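The values are calculated or read from the model by the stated rules, or taken from the named source; none is laboratory data. From a predicted model like this one, the values you see are computed outputs, not experimental measurements. As a convention, Cβ positions derive from the backbone with ideal geometry for all residues, glycine included, and neighbour counts pool all protein chains shown. Accessible surface areas use protein heavy atoms only, side chains included; no ligands, DNA or RNA. Shrake-Rupley method; radii C 1.70, N 1.55, O 1.52, S 1.80 Å.
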Amino acid sequence: MSISEADQSLWMDSLSMVSRLFANFKLSVLAGMPLLPNVLERVSQLGAQLLQDQWQELQQTAGDLELMLGYEWREEALRLLLEGLVLLCSDPWLLYSGSAEFRQSARQALARTLGPLYVEFVRTRPSMARLEEMYYTAQGVELEEVREEISAVDLEEEMASLAHLGRLDLLASLQCLATKFQQDIIPALQSLWEGSSNMEVSPQSSGLLEESRLATMYIGHLLTDENEGETPVIPELIVASCEQHAGTTDAIVGAIQTLQQFAHFQATKIAQHPSDPRLSPLLAKEFLWFWNRWAPAYVLPVDYGYVAGTHGNHLSVTKSWTNAEKVQETVSFIITLCLHYHCHWPQERQVQEHASLLLHAMAKRCRPMRLAMVGSP
């Protein structure tokens, strides 16, 4: 959709005002405004429209960002939009105010309006990354190191912000990601890794690997928070969602099993063909990044009582990786994965570093974790 400079300016001013509104007024105040649902609905629709316009124009340019006329202003508009929404969705009022029923009702109201925007990001961003990577590979173009680092930081910040939206309706967000993995990514990668003996990285395979990497990052940010320098814990909103919605814990367990199977399949192929570049050390590094954030938080988790106050019930995700058999199974998988990377890719420095960091993070977690690590076959 072509937008004039005057309309672009109007959109940016409107988003700036909405962002300031969310920054200056707590959700407890905004919730009393009759127009708030309409404002949120319009913001969500605008975000979805911006993403669709980005995707459509990128398809028209065959993945060349430099030819996109509206790319930069749309990205800035999306940044402003998320800046305001993350303030709204991370408001402690959603976790600590009123009764449990009241908090659940407030989250559900936000989820109905903002949940579809998270799904739109999940559908659009990895597809855009795939097309961009296909273009760069076909043209033999490599991004400048500084530009690549800036892009990576921007992507991390966006995903961290989006996680606040995705956790409002955690079950729907996980189902969206599971569909992408199970219907699109994993079958395509299995075909790639089990297919032709030609080990050349084609534009299509390069794009697929980049899409897989981003999808893994989306799950990581949705289920975990940055924990550097802190004791890793399961995010409170995730615990609350699992205790209030039957099936959410099962969806989390299913997502972890999918990633385990995905990583295991890659590791098996690495053992058979360690020199095949299509197996992607960059994807392996993303797997290790995920397990480094997830395992110390979810396996033998710290129990601070959590906000819902019913963390002892059987639905709680805090109970999913606590019994001895499940702990040993998960720890053994991670150690085996790290050994595969260490033994078959000793030349991949970043993979080696991330594997070591993962093992160190788990060993620091607690004595039962260390015993499970030592007891791994």
Could you say whether any residue in the range 55-68 is surrounded by fewer than 19 Cβ atoms within 10 Å (Cβ to Cβ) and within 22 Å of the chain's Cα centre (by Cα)? yes
Got a sec? Which of Leu222, Leu237 is crowded, with 19+ Cβ neighbours inside 10 Å and modelled with pLDDT of 95 or more? Leu222
Starting from the range 89-108, keep only residues that are more than 13 Å from Gln244 (Cα to Cα), then list their pairs with residues that are of a type in the set (S, T, N, Q) whose Cβ atoms are within a distance under 7 Å, requiring at least 6 positions of separation or different chains. Trp93/Ser28; Ser97/Ser28
Within the range 22-40, the residues that are under 27 Å from the mean Cα position of the chain (by Cα) and either touching a residue at least 24 places away in the same chain (Cβ under 8 Å) or farther than 24 Å from Pro116 by Cβ (or both) are Phe22, Ala23, Lys26, Leu27, Pro37, Leu40
Among Arg103, Arg107, the single one that is more than 23 Å from the chain's Cα centre (by Cα), buried (at least 16 other Cβ atoms within 10 Å of the Cβ) and at pLDDT below 85 is Arg103
Note on Trp345: of the conditions (1) of a type in the set (A, V, I, L, M, F, W, C); (2) without any contact (Cβ under 8 Å) to a residue 24 or more places away in the chain; (3) open to solvent by less than 20 Å² (accessible area, probe 1.4 Å), unmet is (2)
What about Ser151, is it in contact with a Leu (Cβ under 8 Å, 6 or more places away or on another chain), modelled with pLDDT under 95 and either part of a helix (DSSP H, G or I) or among the charged types (D, E, K, R) (or both)? yes
Pull up the range 83-96, narrow it to residues that are open to solvent by 10 Å² or more (accessible area, probe 1.4 Å) and in contact with a Ser or Thr (Cβ under 6 Å, 6 or more places away or on another chain), then point me to the one that is nearest to Leu10 (Cα to Cα). Glu83
Restricting attention to the range 16-25, and to residues there that are open to solvent by less than 60 Å² (accessible area, probe 1.4 Å) and modelled with pLDDT under 85, which single residue is nearest to Leu87 (Cα to Cα)? Phe22
Name the pairs: first residue in the range 359-370 and touching a residue at least 24 places away in the same chain (Cβ under 8 Å) and open to solvent by 100 Å² or more (accessible area, probe 1.4 Å), second residue assigned to a helix (DSSP H, G or I) and of a type in the set (Lys, Arg), Cβ to Cβ under 9 Å, at least 6 apart or on different chains? Lys364/Arg370
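Of the residues Gln52, Gln56, which is in contact (Cβ under 8 Å) with a residue 60 or more places away in the chain, out of contact with any helix residue (DSSP H, G or I) (no Cβ under 6 Å at 6 or more places or on another chain) and assigned to a helix (DSSP H, G or I)?
Gln52
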Please enumerate the residues belonging to the range 110-126 that are open to solvent by less than 30 Å² (accessible area, probe 1.4 Å) and under 16 Å from the mean Cα position of the chain (by Cα). Gly115, Leu117, Tyr118, Val119, Phe121, Val122, Thr124, Arg125, Pro126
